[in-house]
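Here's the structure, in structure tokens; my notes come after.
The values are calculated or read from the model by the stated rules, or taken from the named source; none is laboratory data. What you see is a predicted model, and the numbers here were worked out from it, not measured in a lab. Ideal geometry is used to build each Cβ from the backbone, glycine not excepted, and the neighbour counts take in all protein chains shown. Remember, those area values only see protein heavy atoms, side chains included, never the ligands or the DNA or RNA. Shrake-Rupley method; radii C 1.70, N 1.55, O 1.52, S 1.80 Å.
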Amino acid sequence: MLLKALDGRYRDSGDALVVDGVALSREQLLGAAGAVASRIAGAPALAVLARPTVETVIATVAGLLAGVPVVPVPPDAGPKEREHILRDSGAPLLAVAAADRGVEAYGARVLTVDPAERSAFAGEPGGAAAFILYTSGTTGAPKGVLISRSAVAAGLDALAGAWAWTAEDTLVHGLPLFHVHGLILGVLGPLRTGGRLVHTGRPTAAAYAAAGGSLYFGVPTVWSRVAADGAAAEELAGARLLVSGSAPLPVTVFERLRELSGHAPVERYGMTETLITLSTRADGERRPGSVGLPLAGVRTRLVGEDGGPVPHDGETLGELQVSGPMLSAGYLGRPDADAECRTADGWFRTGDVAVIGADGFHRIVGRASVDLIKSGGFRIGAGEVEAALRDHPAVADAAVVGAPDPDLGQVVVAYVIPAGPVTGDQLTAFVAERLSVHKRPRRVVLVDDLPRNAMGKVLKAELA
Ligand code: MLC
Ligand code: AMP
């Protein structure tokens, strides 16, 4: 069983989870998810408007019970992005909470999730894909990553091993429920290990401090805000393990957390396409700036620009390639994109530049492409934001880069050649309305021209 916590042994042991203040026991979760599962059985996919609510958790579990791939839709996705996800995934159903039943579903049928419903689902889970998760590439619209049930199981079990994660743990986080971090690790993790989940609605320092958990997840922006709020960080002294991931954790934040909470955070590395592949361990060294060792079943290698192997000497940079049982099954309907990131011998090219030490510890140095930006732990493709900006009638051309930022790691900055009167704030609002709000440029610079090479390609390194 994928979600061990929902089988007979655990069912009656109190609240399984609390999401933004709403509690559900395992019985309630299984009953409500069973009712949804009966209604969706046989569908090719189930889109879920993934607000941080118990309805999102119920719909996700329903998809897993019925063997229908779940397609989380970011709740703040503007019309352009939402329509793309619904049409590209082919999901005929969109699960929502009652408050959202009037939402535009672009041809999908809206299905309202009722947490009070109870029904046993007797069917057997069918298809192999558990999730189709949309994520940005360097260009174009987001692609759907096919994540199998077996990848989820292997990925979660490997993390449970590394972090000594058991049914005794209460996991606390407030991350969005439409990505690997918040949804697969943060919701299915506790349902697989049998532990409890407290989702705080938003990942604020105050909410983390008040939650009293044993295991805490955050992206570096969250940990940086916790560390800046000394009293909140001190409240976490009673926890067992603080885990950071989705972007590089600054060494200063690592050290500050250790000083205030007494815990050296565990840092782990992954991607939507691979789930988590590297981590420091609960029972091992937690080295600032390092994402540790391969998880169970994972192999890694570094490849140089000439395609040859790179020595594991802690100094020489190479592209990180990974293999393991938690890797995705490819991009939905995009064999071309898939072929680009898999090698002939079956390894996944992460696009991240790393070094590996003689002791096997990995350090992520950065991304090979300037066109993938990480802001607050969200992955943002420069090409998608540029395309949205070019849809504005007063934009002649645009180039988008990530600039360093102490809070968000990187911020989206747009260099725009105007074709008419327009302000930066108008362009920011324009992008925020069409795409997910976090993809909006936080700074817009109006320019007469963009630096280009002889081929006419914008020199982004000069802009960044
Ligand atoms: C602001 N808002 C606007 C707006 N400007 N709305 C419309 N138009 C505008 N111009 C609103 C937003 O909707 C939101 O409202 C509010 O302002 C705050 O938004 P924000 O400024 O974007 O939030 P911020 O504080 O910057 O968020 C920081 C953060 C967030 C850390 C909370 O970045 C976050 O949740 N990050 C987690 C990303 C994550 O989980 N990544 C995992 C990827 S998986 P409202 O209504 O919402 O308050 C992965 C694999 C792995 O990477 O390894 O884990
Ligand atoms: P996403 O697909 O949103 O999961 O983003 C994956 C990318 O996030 C990776 O390719 C890395 O660039 C980055 N990433 C994830 N975890 C870490 C980490 N611990 N340190 C540095 N970068 C990370």
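Would you call Ala296 closer than 22 Å to His181 by Cα, open to solvent by 40 Å² or more (accessible area, probe 1.4 Å), under 22 Å from the mean Cα position of the chain (by Cα) and of a type outside the set (D, E, K, R)? Yes, satisfied.
Select, from Gly270, Gly324, Gly330, the only residue that is touching a Pro at 6+ places or on another chain (Cβ under 9 Å) and either under 17 Å from Ile147 (Cα atoms) or at pLDDT below 95 (or both). Break it down into steps so the answer makes sense when it comes.
On the way: Gly270 fails: touching a Pro at 6+ places or on another chain (Cβ under 9 Å); Gly330 fails: touching a Pro at 6+ places or on another chain (Cβ under 9 Å).
Exactly one of Gly270, Gly324, Gly330 is touching a Pro at 6+ places or on another chain (Cβ under 9 Å) and either under 17 Å from Ile147 (Cα atoms) or at pLDDT below 95 (or both), namely Gly324.
Which one of these is of a type in the set (Ser, Thr, Tyr), surrounded by fewer than 23 Cβ atoms within 10 Å (Cβ to Cβ) and within 16 Å of ligand 1 (Cβ to nearest atom): Thr277, Thr272? Step by step, each of Thr277, Thr272 is checked, and only Thr272 is of a type in the set (Ser, Thr, Tyr), surrounded by fewer than 23 Cβ atoms within 10 Å (Cβ to Cβ) and within 16 Å of ligand 1 (Cβ to nearest atom). Any residue that is under 27 Å from Val303 (Cβ atoms), at pLDDT 95 or above, surrounded by fewer than 16 Cβ atoms within 10 Å (Cβ to Cβ) and not small (Gly, Ala, Ser) - is there at least one of those in the stretch 363-378? Taking every residue of the stretch 363-378 in turn, at least one turns out to be under 27 Å from Val303 (Cβ atoms), at pLDDT 95 or above, surrounded by fewer than 16 Cβ atoms within 10 Å (Cβ to Cβ) and not small (Gly, Ala, Ser).
One residue alone among Ile364, Ile380, Ile373 is touching a residue at least 24 places away in the same chain (Cβ under 8 Å), touching a Ser or Thr at 6+ places or on another chain (Cβ under 7 Å) and of a type in the set (Val, Ile, Thr), and that residue is Ile380.
This table checks each residue for (1) more than 17 Å from Ala382 (Cα to Cα); (2) in the same structural domain as Phe378 (by TED's automatic domain parsing); (3) more than 16 Å from ligand 2 (Cβ to nearest atom).
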residue	(1), (2), (3)
Tyr415	no, yes, yes
Gly420	yes, yes, yes
Leu435	no, yes, no
Lys457	no, yes, yes
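Restricting Ala99, Ala32 to residues that are over 22 Å from the mean Cα position of the chain (by Cα) and either open to solvent by less than 10 Å² (accessible area, probe 1.4 Å) or β-branched (Val, Ile, Thr) (or both) narrows the list to Ala32.
Yes/no matrix, rows are residues, columns are (1) within 9 Å of ligand 1 (Cβ to nearest atom); (2) assigned to a helix (DSSP H, G or I):
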position: Ala154; (1), (2): no, yes
position: Trp165; (1), (2): no, no
position: Leu175; (1), (2): yes, no
position: Leu188; (1), (2): no, yes
position: Gly201; (1), (2): no, no
position: Gly213; (1), (2): no, no
position: Trp223; (1), (2): no, yes
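Being within 31 Å of the chain's Cα centre (by Cα) and more than 14 Å from Glu386 (Cβ to Cβ) is the filter; apply it to the stretch 446-463 and report the residue that is least open to solvent (accessible area, probe 1.4 Å). If you could, list the steps in order and put the result at the bottom.
Here is the first cut: in the stretch 446-463, the ones within 31 Å of the chain's Cα centre (by Cα) are 457-463.
After this cut, where a residue has to be more than 14 Å from Glu386 (Cβ to Cβ) as well, the list is 459, 461-462.
Details: Leu459: 58, Ala461: 85, Glu462: 129 Å².
Across the stretch 446-463, the extreme among qualifying residues is Leu459.
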